[in-house]
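Trainee: What follows is a structure written as structure tokens; I'll ask about it next.
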Amino acid sequence: MAFKIVYTRIAVKDIEKLDKVAKKKLKVKLENYSRNPLVHTRKLIDTKIGTYRWRIGNYRVVFDIHGKTIVILRIGHRREIYR
């Protein structure tokens with residue numbers, strides 16, 4: 001059973017800034033990762049922006065898990081996401 005994915009307003013704005021290819025790749029990976037999210041997860045050292053992250057190519061998805069819900073907080077390029 002897959003976890004439910006919820007996006008914050010900021011995450012939706014982050015996704016809108018991406019090109020079509022990156023959006024498509026992100027969608028496929030998020031669907032795969034939502035089935036078993038902790039397998040591909042890294043815990044963030046500095047938890048100001050979120051608790052966990054996924055690496056999808058050059059992009060990072062920062063998120064928290066609440067029960068059976070994944071809350072996507074930020075999505076951005078690896079150079080800019082942690083600033």
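Table: residues versus (1) touching an Asp or Glu at 6+ places or on another chain (Cβ under 8 Å); (2) modelled with pLDDT under 95; (3) among the charged types (D, E, K, R).
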| site | (1), (2), (3) |
| --- | --- |
| GLU31 | no, yes, yes |
| PRO37 | no, yes, no |
| HIS40 | no, yes, no |
| TYR52 | yes, no, no |
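Trainee: Another question, if that's okay. With assigned to a helix (DSSP H, G or I), surrounded by 11 or more Cβ atoms within 10 Å (Cβ to Cβ) and not basic (Lys, Arg) as the only criterion, which of VAL6, VAL21, VAL12 stands out? Steps first, answer last, please.
Mentor: Numbers: VAL6 fails: assigned to a helix (DSSP H, G or I); VAL21 fails: surrounded by 11 or more Cβ atoms within 10 Å (Cβ to Cβ).
Testing whether each residue is assigned to a helix (DSSP H, G or I), surrounded by 11 or more Cβ atoms within 10 Å (Cβ to Cβ) and not basic (Lys, Arg) leaves just VAL12.
Trainee: Could you please find all residues in the range 61-77 being closer than 14 Å to PRO37 by Cα, without any contact (Cβ under 8 Å) to a residue 60 or more places away in the chain and not acidic (Asp, Glu)? Reasoning before the result, please.
Mentor: Restricting attention to the range 61-77, the residues satisfying the condition of being closer than 14 Å to PRO37 by Cα are 61-72.
Within this subset, residues satisfying the condition of being without any contact (Cβ under 8 Å) to a residue 60 or more places away in the chain are 61-64, 66-67.
Matches in the range 61-77: VAL61, VAL62, PHE63, HIS66, GLY67.
Trainee: Mind checking which residues of the range 30-83 are buried (at least 18 other Cβ atoms within 10 Å of the Cβ), assigned to a loop (DSSP other than H, G, I, E, B) and basic (Lys, Arg)?
Mentor: Across the range 30-83, there are no qualifying residues.
Trainee: Search the range 1-28 for residues that are modelled with pLDDT of 95 or more and pair each with any residue that is among the polar types (S, T, N, Q) when their beta-carbon atoms are under 6 Å apart and the residues are at least 6 apart or on different chains.
Mentor: LYS4/THR69; ILE5/SER34; VAL6/THR69
The values are calculated or read from the model by the stated rules, or taken from the named source; none is laboratory data. Keep in mind it's a predicted model, so treat the numbers as computed, not measured. All Cβ positions, even for glycine, are placed from backbone atoms using ideal geometry, and neighbour counts span all protein chains on display.
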